[in-house]
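Some notes on the structure that comes next.
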Amino acid sequence: MMRTLFLHPPSYQGFDGGAASRYQAKREVRSFWYPTWLAQVAAIVPGSKLVDAPPADLTLSDVLPYARDYELAVLHTSSPSFTGDVKVAEALKRENPALKLGFVGAKVAVEPETSLLASEAIDFVAREEYDFTIKEVAEGKPLTEIDGISFRDGDRVVHTPDRAILEDMDRLPYVTPVYKRDLDVNHYYNGYLKHPYLSLYTGRGCRSRCTFCLWPQTVGGHRYRTRSVENVLTEMAAVREMFPTVKEVFFDDDTLTDDRRRVEEIALGMGKLGLAWCCNAKANVPYDTLKIMKDNGLRLLLVGYESGNQQILINIKKGIRVERARQFTKDCRDLGITIHGTFIVGLPGETRETIQETIKFAKEMNPKSLQVSIAAPYPGTALYQQAKENGWLPEDDSTLIDEHGVQTAMLSYPNLNRTEIYESVETFYKQFYFRAGKIAEMSAEMLRSPQVMKRRLREGVEFVGFIRNRGSA
């Protein structure tokens, strides 16, 4: 087995480009998701090392010495961070020319050839689900005999057959031992999750067909494949002993609530373990299921509302009705379930009027917190293809972030340009948060807890700085 380094490369300060990050960019407050996909394959390769540079504030000079200690380096990359990640790869190769180096991630899965040709430092890229692909590389198996690999052979690029999708998810070892061994839970923040938190997957894939969503269209697929409930709860039983300071667990499946019977069984198990937990959810979960979840430790749901305009939801194939989302939100409020809502501006069909309609809808739903993102046409998504076909992209369609790592507005429509879309994010945040009722709600929460007050003040400073920097961009 080759000595193997798994690296989430250094990037912009505060840049969250991990495979669990829905939007690979610097957020309005310091936010980092666990590098779950890299941790998963690190758990499969014995003796490996996982280094997650951005949350640990590691620079290129900090990670370069690793090149001399390993035979194989696997770097996770993304469309926004690819150019910088290539520079890291080239620096590692200069440090150790014998190092075999590969890239993984959605970017190289959908653009394997152009990714390889970007630099001679990249020896191979792994497509699709790459867990066992990388294991075979680490075992020294010839690249020609490994499914799901693209590599250079002289002047040509060779693509081996696609790797079969993983059906038995219980084959995957637990990621928590890798977290314990290589990561510091205190480095991972999200404004809406208690700190420190832990996040992981109980399954892969999403049944929804949202045109903008990256992972189901590139790596995970649209069929929801899951670990057994027993497998999940066995790992959860060890969490409290392994991570005594962790306050809650976030199940990062694209839509854990897609399988309602299963989520109810997981909830009952979490209730018996006495663990607080949160998850992603579509705004269509029935009251009875929500009640079982809440009664068994559920604290928060991350809900992708996206828009308050029904036609936009139809345009992006969200598969949800605005009225259903209203009832779902009322049910959560009645049960005492906290909601972190996510919204997107600049989706197909967006106008100045629909942006205001969505802001009004967000204020009506009044989640405890929200995130406003700009529609991002990632390569490999239906939104990207639609944008190319309709001329909504600039000539250089590779700039998803600016020089500071902040998300840019790439899409532009005949009646709504990218500058207006970009500026609407600040408008959205201000109209939602700078309301008397919202300010009173947040103030009351801070007064009840000195710890919350300290955290919210820090986040407030970060938020104001983020908005100020966007305004000067």
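The values are calculated or read from the model by the stated rules, or taken from the named source; none is laboratory data. These figures come from a predicted structure and were not determined experimentally. Please note: Cβ atoms are built from the backbone with ideal geometry, for glycine as well, and neighbour counts cover all protein chains shown.
Listed residues ALA39, ALA89, ALA109, ALA73; which is touching a Gly at 6+ places or on another chain (Cβ under 8 Å) and in a helix (DSSP H, G or I)?
On the way: ALA39 fails: touching a Gly at 6+ places or on another chain (Cβ under 8 Å); ALA89 fails: touching a Gly at 6+ places or on another chain (Cβ under 8 Å); ALA73 fails: in a helix (DSSP H, G or I).
Within the list ALA39, ALA89, ALA109, ALA73, the selection yields ALA109.
What number of residues within region 405-438 satisfy the criterion of being at pLDDT 95 or above, outside any helix (DSSP H, G or I), over 21 Å from GLN24 (Cβ atoms) and hydrophobic (A, V, I, L, M, F, W, C)?
Qualifying residue count for the region: 1.
Scanning region 37-74 for residues that are surrounded by 18 or more Cβ atoms within 10 Å (Cβ to Cβ) and polar (S, T, N, Q), which turns out nearest to ARG127 (Cα to Cα)?
Taking the candidates together, the pick is GLN40.
Of the residues PHE32, PHE15, PHE6, only one is farther than 20 Å from ARG181 by Cβ and of a type in the set (Phe, Trp, Tyr); which?
Values: PHE32 fails: farther than 20 Å from ARG181 by Cβ; PHE6 fails: farther than 20 Å from ARG181 by Cβ.
When all the criteria are applied, what remains is PHE15.
Go through (1) without any contact (Cβ under 8 Å) to a residue 60 or more places away in the chain; (2) surrounded by fewer than 17 Cβ atoms within 10 Å (Cβ to Cβ) for ARG225 and report which single condition fails.
In the conditions (1) without any contact (Cβ under 8 Å) to a residue 60 or more places away in the chain; (2) surrounded by fewer than 17 Cβ atoms within 10 Å (Cβ to Cβ), ARG225 misses (1) alone.
Go through (1) more than 22 Å from ILE134 (Cβ to Cβ); (2) touching a residue at least 24 places away in the same chain (Cβ under 8 Å) and name the single condition LEU38 misses.
(1)
Among the numbered criteria (1) of a type outside the set (S, T, N, Q); (2) at positive phi; (3) not assigned by TED's automatic domain parsing to the domain that holds LEU300, which single criterion is violated by GLY221?
(3)
Tell me the residue from ILE312, ILE292, ILE320 that is over 15 Å from CYS210 (Cβ atoms) and either at pLDDT 95 or above or not assigned by TED's automatic domain parsing to the domain that holds GLN217 (or both), please. So that I can check it myself, show each step before the final result.
Values: ILE312 fails: over 15 Å from CYS210 (Cβ atoms); ILE320 fails: over 15 Å from CYS210 (Cβ atoms).
Residue meeting the stated conditions: ILE292.
So ARG261 ticks every box in (1) basic (Lys, Arg); (2) in contact (Cβ under 8 Å) with a residue 12 or more places away in the chain; (3) surrounded by fewer than 20 Cβ atoms within 10 Å (Cβ to Cβ) but one. Which box is left unticked?
(2)
Would you tally the residues in region 58-95 being at pLDDT below 95 and within 19 Å of ASP182 (Cβ to Cβ)?
Adding up the residues that qualify gives 0.
On the given criteria, is ALA43 modelled with pLDDT of 95 or more and out of contact with any strand residue (DSSP E or B) (no Cβ under 8 Å at 6 or more places or on another chain)?
Working: modelled with pLDDT of 95 or more: yes; out of contact with any strand residue (DSSP E or B) (no Cβ under 8 Å at 6 or more places or on another chain): yes.
Against the criterion (modelled with pLDDT of 95 or more and out of contact with any strand residue (DSSP E or B) (no Cβ under 8 Å at 6 or more places or on another chain)), ALA43 qualifies.
Any residue that is modelled with pLDDT under 95 and either within 29 Å of ARG163 (Cα to Cα) or more than 17 Å from the chain's Cα centre (by Cα) (or both) - is there at least one of those in region 258-265?
Quick first cut of region 258-265, residues modelled with pLDDT under 95 only: 258.
Of the ones still in play, those that are also either within 29 Å of ARG163 (Cα to Cα) or more than 17 Å from the chain's Cα centre (by Cα) (or both) are 258.
Yes, that holds for at least one residue.
Take the conditions over 20 Å from the mean Cα position of the chain (by Cα), of a type in the set (A, V, I, L, M), buried (at least 23 other Cβ atoms within 10 Å of the Cβ) and over 28 Å from LYS107 (Cβ atoms) and apply them to ILE359. Does it pass?
Working: over 20 Å from the mean Cα position of the chain (by Cα): yes; of a type in the set (A, V, I, L, M): yes; buried (at least 23 other Cβ atoms within 10 Å of the Cβ): no; over 28 Å from LYS107 (Cβ atoms): yes.
So ILE359 does not fit the description; no.
Please pick out the residue among TYR189, TYR174 that is hydroxyl-bearing (Ser, Thr, Tyr) and over 18 Å from the mean Cα position of the chain (by Cα). First the steps, then the outcome.
Numbers: TYR189 fails: over 18 Å from the mean Cα position of the chain (by Cα).
After ruling out the rest, the residue left standing is TYR174.
Only one of PRO394, PRO414 is on the phi < 0 side of the Ramachandran plot and free of Cβ contacts under 8 Å to residues at least 12 places away in the same chain. Can you tell me which? Walk me through it before giving the result.
Details: PRO394 fails: free of Cβ contacts under 8 Å to residues at least 12 places away in the same chain.
Result of the check over PRO394, PRO414: PRO414.
Can you tell me which residue is modelled with the lowest pLDDT among those in region 142-160 that are over 31 Å from the mean Cα position of the chain (by Cα) and not acidic (Asp, Glu)?
Filtering region 142-160 for residues over 31 Å from the mean Cα position of the chain (by Cα) gives 142, 144-145, 153-156.
Narrowing further to those that are not acidic (Asp, Glu): 142, 144, 154, 156.
Details: PRO142: 97, THR144: 97, GLY154: 87, ARG156: 92.
That would be GLY154.
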